[in-house]
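Here's the structure, in structure tokens; my notes come after.
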Amino acid sequence: MKSRHLWLALVLVLATNAFVLTGVARNRAGAPEALLTLTERELSLSSGHDRDENSGVALHLNWNRDTGIKEWFDRAKLAELGIDLPPAPREAETFRWPLPKKVFLVLEYEGAAWLRFEEEKGQELTALEEELRQGQTDEQTVKNRRFWIERALHAESRLFAVDAGTDPHQLRQRYPDNNRYLIVAALVRATSDYEDKQEILRGMVDSLLVADLHVPRELHAPLLDLPPSGALFNYRDDQPKEAPRPRYEVEVRWGQRYEPWVTEVRLIGEDSTR
Amino acid sequence: MQKEEAQRHVDRMQAFREELEQLETEEILCLSSEERQRIDTYHRTRLAELTRQFDIDVNGTEKQLSWGMRIVSLLGALAISAALFFFFYRFWGLLATPTQVGILIAAPLLATLAANFAARRERTLYFTSILCLVALTSFILDLSVLGNIFNLTPSQNAFLAWSAFALILAYGYGLRLLLVAGMNCLLAYFAATVGTWSGCYWLSFGERPENFIVAGALLTLVPLIPHRRHPGFAHSYRIFGLLTVFIAILILANWGNISYLPWSTKIIEYLYQTVGFLLAGGVIALGIRRHWPGVTNLGSTFFVLYLYTKFFDWWWDWLPKYLFFLLLGLMAVGLLLVLQRLRRAGREVHP
């Protein structure tokens with residue numbers, strides 16, 4: 001190899017890494033764009049099947065895929081995001097869905113959406129008990145339904161998607177509380193639902209672009225001996241008498257490029273209400 | 001002189017000796033002992049020079065062994081790369097972040113230096129090839145794991161960096177394996193970038209085969225840049241690029257609903273079927289004209305593939321299966337007769 005090629009290869013490796021690390025530094029420079037303390041409900045510990053081969057610890061960011069998103073992610077919002085829907089297909093043609101698009105999603109933590117969710121579940125529980133009292137249903141059905149409602153209230157994520165946009169700065173101006181609202185990059189696409197025998201076009205969130213958060217070795221000690229969250233949250237209704245509680249809380253910051261990093265991990269005491 | 005040229009010269013000498021033997025046996029030609037000695041001396045000297053300078057095969061047995069060594073070298077390189085990958089993932093969680101970053105950056109640098117060291121000591125470059133693939137794997141691991149550690153948003157620019165690195169090693173050592181790796185990364189980068197022009201996120205580039213048509217076409221244009229030191233590389237770009245384009249067209253010719261074009265599925269499929277046939281025919285003609293046998297073969301293969309998929313569309317549902325395959329076979333025989341006639345005609349024009 002000519003020495004020119006060798007130097008080129010070495011410089012390329014160094015320059016690329018310098019570029020990446022500079023981006024990391026820029027993301028973490030200054031005040032965080034958002035700062036939240038989330039629990040295991042929002043940041044689940046990854047499953048154990050590959051722990052033998054992968055000693056890294058990662059937490060998966062979960063958000064509540066409640067039906068509330070349908071109220072704002074409608075056709076108008078899709079148009080606002082620049083997702084153009086094709087004309088209705090003719091005859092036997094299938095509908096050609098547009099490809100997913102990168103946008104910025106606003107996730108609200110323990111806000112109005114969560115309170116609404118709690119209220120709905122509470123009303124569902126009350127309605128169930130009323131049905132039982134009136135003999136419209138049986139004990140086992142109520143027990144099963146109560147189990148899922150309790151699970152939703154105590155184990156599911158309290159992060160709800162409340163808005164989306166293409167300009168994160170505008171979104172932050174609309175949702176200035178950076179201890180309650182996260183702005184994250186996500187993939188969204190158009191989809192449809194059937195309601196009242198009609199096809200309604202809506203948007204849906206495909207995935208968050210950064211959904212797995214690495215926990216550095218310096219911080220991961222509290223998590224090392226814990227079984228993965230999947231084993232805990234997918235418990236059967238004949239096991240613990242009540243829904244499990246989160247075992248840890250994690251302080252996470254989001255930087256200028258809307259990329260997160262973990263700054264603290266704490267175990268939650270048994271008497272905690274988190 | 002490059003290695004390929006040296007190998008061709010050795011093959012010509014071998015072929016010449018065999019043909020001379022045949023002519024002497026049939027008493028068509030008889031060389032005097034002096035002439036024979038001069039030829040033998042020249043061949044012996046030339047062979048010694050070329051084998052000293054290049055790693056070339058002097059006979060059929062060595063050729064077979066070389067192929068075996070190439071396959072073993074490839075498998076070894078892949079196994080070592082996989083070992084490196086899994087080794088890192090097994091132990092990285094035990095290391096502090098600065099140590100992780102240090103190892104990730106050092107690994108491709110050290111592997112590149114090791115490859116350079118090996119290349120200075122071996123003519124055959126088998127070990128160099130292994131070390132170069134390890135260097136590339138280390139670089140891929142480097143950027144991927146940095147992305148995991150710092151929770152970075154995925155970007156298609158990583159493919160560009162990996163491609164550049166692989167191509168630098170490929171051109172530096174004349175390694176076809178690294179060239180293929182580089183072309184794959186470059187293809188992914190082009191296709192992803194073309195995909196973003198339509199407004200979609202780069203990760204969805206696989207959902208629209210037209211992205212690969214553009215990317216493949218760009219690759220076929222690379223040989224327009226002269227490749228004097230590595231003439232074989234130009235051929236590889238052409239084949240790889242055309243293969244990508246042909247496969248993308250084959251997919252769109254059968255599944256038009258995943259096209260960018262805003263027309264009905266049937267029209268899109270007919271359009272790509274037509275384009276496919278025309279392109280395959282054009283590529284065959286180009287390959288014959290430019291004496292690029294690989295290109296001709298590729299065009300012929302896809303011409304037949306497109307034809308067979310049309311036959312499937314037309315006849316599979318309503319013909320008995322034995323008749324369908326019989327017709328395919330008869331078509332193949334018919335094509336063979338046509339090609340034979342063409343070859344004979346070509347021979348009459350250029351005896």
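Would you point out the residue of the range B:146-159, among those that are at the interface with chain A (Cβ under 10 Å from one of its Cβ atoms) and in a helix (DSSP H, G or I), that is nearest to B:Q53 (Cα to Cα)? Outline the logic, then answer.
Kept after step one, since they are at the interface with chain A (Cβ under 10 Å from one of its Cβ atoms), are these residues of the range B:146-159: B:146-155, B:157-158.
Next, from what is left, pick out any that are in a helix (DSSP H, G or I): B:146-149, B:157-158.
On the way: B:L146: 42, B:G147: 44, B:N148: 46, B:I149: 47, B:N157: 39, B:A158: 37 Å.
Applying the filter and picking the extreme gives B:A158.
Is it the case that the range B:168-191 has a residue that's aliphatic (A, V, I, L, M), part of a helix (DSSP H, G or I), surrounded by fewer than 23 Cβ atoms within 10 Å (Cβ to Cβ) and within 12 Å of chain A (Cβ to nearest Cβ)?
no
Out of all the residues in the range A:97-146, which are in a helix (DSSP H, G or I) and closer than 19 Å to A:N179 by Cα? If you could, list the steps in order and put the result at the bottom.
First, the residues of the range A:97-146 that are in a helix (DSSP H, G or I): A:112-133, A:139-146.
Matches in the range A:97-146: A:A112, A:A113, A:W114, A:L115.
Out of (1) touching a residue at least 60 places away in the same chain (Cβ under 8 Å); (2) part of a loop (DSSP other than H, G, I, E, B), the odd one out for A:L171 is which?
A:L171 satisfies every listed condition except (2).
In this structure, is B:A77 surrounded by 14 or more Cβ atoms within 10 Å (Cβ to Cβ), outside any loop (DSSP other than H, G, I, E, B), small (G, A, S) and within 12 Å of another protein chain (Cβ to nearest Cβ)? Step through it out loud before you land on a result.
Values: surrounded by 14 or more Cβ atoms within 10 Å (Cβ to Cβ): yes; outside any loop (DSSP other than H, G, I, E, B): yes; small (G, A, S): yes; within 12 Å of another protein chain (Cβ to nearest Cβ): no.
Against the criterion (surrounded by 14 or more Cβ atoms within 10 Å (Cβ to Cβ), outside any loop (DSSP other than H, G, I, E, B), small (G, A, S) and within 12 Å of another protein chain (Cβ to nearest Cβ)), B:A77 does not qualify.
One residue is enough: does the range B:250-263 have a residue meeting the conditions more than 19 Å from B:F212 (Cα to Cα) and surrounded by fewer than 19 Cβ atoms within 10 Å (Cβ to Cβ)? Don't jump to the end; show me each part of the working.
If we filter the range B:250-263 for residues that are more than 19 Å from B:F212 (Cα to Cα), which is where we start, we get B:263.
Checking which are surrounded by fewer than 19 Cβ atoms within 10 Å (Cβ to Cβ) leaves us with B:263.
Scanning the range B:250-263, I find at least one residue that is more than 19 Å from B:F212 (Cα to Cα) and surrounded by fewer than 19 Cβ atoms within 10 Å (Cβ to Cβ), so the answer is yes.
Can you give me the number of residues within the range B:218-234 that are surrounded by fewer than 18 Cβ atoms within 10 Å (Cβ to Cβ) and in contact (Cβ under 8 Å) with a residue 40 or more places away in the chain?
Residues in the range B:218-234 being surrounded by fewer than 18 Cβ atoms within 10 Å (Cβ to Cβ) and in contact (Cβ under 8 Å) with a residue 40 or more places away in the chain: 3 in total.
Yes/no per residue for (1) away from chain A (no Cβ under 14 Å); (2) out of contact with any helix residue (DSSP H, G or I) (no Cβ under 7 Å at 6 or more places or on another chain); (3) at positive phi; (4) modelled with pLDDT under 90:
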residue: B:L218; (1), (2), (3), (4): yes, no, no, no
residue: B:P231; (1), (2), (3), (4): yes, no, no, yes
residue: B:L250; (1), (2), (3), (4): yes, no, no, no
residue: B:I284; (1), (2), (3), (4): yes, no, no, no
residue: B:F312; (1), (2), (3), (4): yes, yes, no, yes
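Of the conditions (1) within 30 Å of A:I83 (Cα to Cα); (2) surrounded by 19 or more Cβ atoms within 10 Å (Cβ to Cβ); (3) at the interface with chain A (Cβ under 8 Å from one of its Cβ atoms), B:F205 fails just one. Which one is it?
Exception for B:F205: condition (3).
List the number of the failed condition for A:F104; all other conditions in (1) within 14 Å of another protein chain (Cβ to nearest Cβ); (2) free of Cβ contacts under 8 Å to residues at least 40 places away in the same chain hold.
(2)
Filter the range B:50-67 down to residues that are open to solvent by less than 30 Å² (accessible area, probe 1.4 Å) and assigned to a helix (DSSP H, G or I) and give me whichever is farthest from B:E4 (Cα to Cα).
B:S66
Taking the stated definitions as given, is A:F160 under 15 Å from the mean Cα position of the chain (by Cα), within 25 Å of A:E42 (Cβ to Cβ) and among the aromatic types (F, W, Y)? So that I can check it myself, show each step before the final result.
Numbers: under 15 Å from the mean Cα position of the chain (by Cα): yes; within 25 Å of A:E42 (Cβ to Cβ): yes; among the aromatic types (F, W, Y): yes.
The answer is yes for A:F160.
How about the range A:122-136: which of its residues are of a type outside the set (S, T, Y) and open to solvent by 40 Å² or more (accessible area, probe 1.4 Å)? Step through it out loud before you land on a result.
Of the range A:122-136, the ones of a type outside the set (S, T, Y) are A:122-125, A:127-136.
Answer for the range A:122-136, where residues must be of a type outside the set (S, T, Y) and open to solvent by 40 Å² or more (accessible area, probe 1.4 Å): A:Q123, A:E124, A:A127, A:E129, A:E130, A:E131, A:L132, A:R133, A:Q134, A:G135, A:Q136.
For every residue, the table says whether it meets (1) open to solvent by 50 Å² or more (accessible area, probe 1.4 Å); (2) more than 17 Å from A:L187 (Cβ to Cβ); (3) modelled with pLDDT of 80 or more.
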| position | (1), (2), (3) |
| --- | --- |
| A:A76 | yes, yes, yes |
| A:A79 | yes, yes, yes |
| A:G82 | no, no, yes |
| A:P87 | yes, yes, no |
| A:A92 | yes, yes, no |
| A:W97 | yes, no, yes |
| A:K101 | no, no, yes |
| A:F104 | no, no, yes |
| A:A112 | yes, yes, yes |
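Looking only at residues that are over 18 Å from A:L59 (Cα atoms) and modelled with pLDDT of 65 or more in the range A:215-243, which one is most open to solvent (accessible area, probe 1.4 Å)? I'd like the intermediate steps shown before the answer.
Quick first cut of the range A:215-243, residues over 18 Å from A:L59 (Cα atoms) only: A:235-243.
Going one step further and asking which of them are modelled with pLDDT of 65 or more, we end up with A:242-243.
Numbers: A:E242: 117, A:A243: 10 Å².
So, considering only residues that are over 18 Å from A:L59 (Cα atoms) and modelled with pLDDT of 65 or more, the one most open to solvent (accessible area, probe 1.4 Å) is A:E242.
Can you tell me which residue in the range B:107-143 is modelled with the lowest pLDDT, limited to those that are in a helix (DSSP H, G or I) and touching an Asp or Glu at 6+ places or on another chain (Cβ under 9 Å)? Talk me through it step by step, then tell me what you get.
Here is the first cut: in the range B:107-143, the residues in a helix (DSSP H, G or I) are B:107-121, B:126-143.
Those left that are additionally touching an Asp or Glu at 6+ places or on another chain (Cβ under 9 Å): B:107-108, B:126, B:128.
On the way: B:A107: 94, B:P108: 96, B:Y126: 84, B:T128: 91.
By that ranking, first place goes to B:Y126.
Being within 12 Å of chain A (Cβ to nearest Cβ), surrounded by 15 or more Cβ atoms within 10 Å (Cβ to Cβ), in contact (Cβ under 8 Å) with a residue 60 or more places away in the chain and out of contact with any His (no Cβ under 8 Å at 6 or more places or on another chain) narrows it down to one of B:L143, B:L125, so name that one.
Testing whether each residue is within 12 Å of chain A (Cβ to nearest Cβ), surrounded by 15 or more Cβ atoms within 10 Å (Cβ to Cβ), in contact (Cβ under 8 Å) with a residue 60 or more places away in the chain and out of contact with any His (no Cβ under 8 Å at 6 or more places or on another chain) leaves just B:L125.
Every residue, every condition in (1) under 18 Å from the mean Cα position of the chain (by Cα); (2) closer than 25 Å to A:A34 by Cβ, yes or no:
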| position | (1), (2) |
| --- | --- |
| A:Q134 | no, no |
| A:N144 | no, no |
| A:A164 | yes, yes |
| A:D177 | no, yes |
| A:A185 | yes, yes |
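Just one of (1) within 17 Å of the chain's Cα centre (by Cα); (2) facing chain A (nearest Cβ under 9 Å) trips up B:S163, so point out which.
Looking at each condition in turn, B:S163 falls short on (2).
Scan the range B:1-49 residue by residue and report those that are among the basic types (K, R) and open to solvent by 60 Å² or more (accessible area, probe 1.4 Å).
Answer for the range B:1-49, where residues must be among the basic types (K, R) and open to solvent by 60 Å² or more (accessible area, probe 1.4 Å): B:K3, B:R8, B:R12, B:R17, B:R36, B:R38, B:R44.
Please find, within the range B:90-106, the residue that is farthest from the other protein chains (Cβ to nearest Cβ) out of those that are in a helix (DSSP H, G or I) and in contact with a helix residue (DSSP H, G or I) (Cβ under 8 Å, 6 or more places away or on another chain). I'd like the intermediate steps shown before the answer.
Filtering the range B:90-106 for residues in a helix (DSSP H, G or I) gives B:90-94, B:97-106.
Then drop every residue that is not in contact with a helix residue (DSSP H, G or I) (Cβ under 8 Å, 6 or more places away or on another chain), which leaves B:92, B:97, B:100-101, B:103-105.
Details: B:W92: 6, B:T97: 5, B:Q100: 8, B:V101: 7, B:I103: 12, B:L104: 8, B:I105: 5 Å.
If we take residues in the range B:90-106 being in a helix (DSSP H, G or I) and in contact with a helix residue (DSSP H, G or I) (Cβ under 8 Å, 6 or more places away or on another chain), then B:I103 is farthest from the other protein chains (Cβ to nearest Cβ).
Given A:L14, A:L36, which one is modelled with pLDDT of 95 or more and in contact with an Asp or Glu (Cβ under 9 Å, 6 or more places away or on another chain)?
Working: A:L14 fails: in contact with an Asp or Glu (Cβ under 9 Å, 6 or more places away or on another chain).
Among A:L14, A:L36, only A:L36 is modelled with pLDDT of 95 or more and in contact with an Asp or Glu (Cβ under 9 Å, 6 or more places away or on another chain).
The values are calculated or read from the model by the stated rules, or taken from the named source; none is laboratory data. Since we're looking at a predicted model, the values are computed, not measured. Every residue, glycine among them, receives a Cβ derived from its backbone with ideal geometry; neighbour counts consider all protein chains shown. All accessible areas refer to the heavy atoms of the entire protein, side chains included, with ligands and DNA or RNA removed. Shrake-Rupley method; radii C 1.70, N 1.55, O 1.52, S 1.80 Å.
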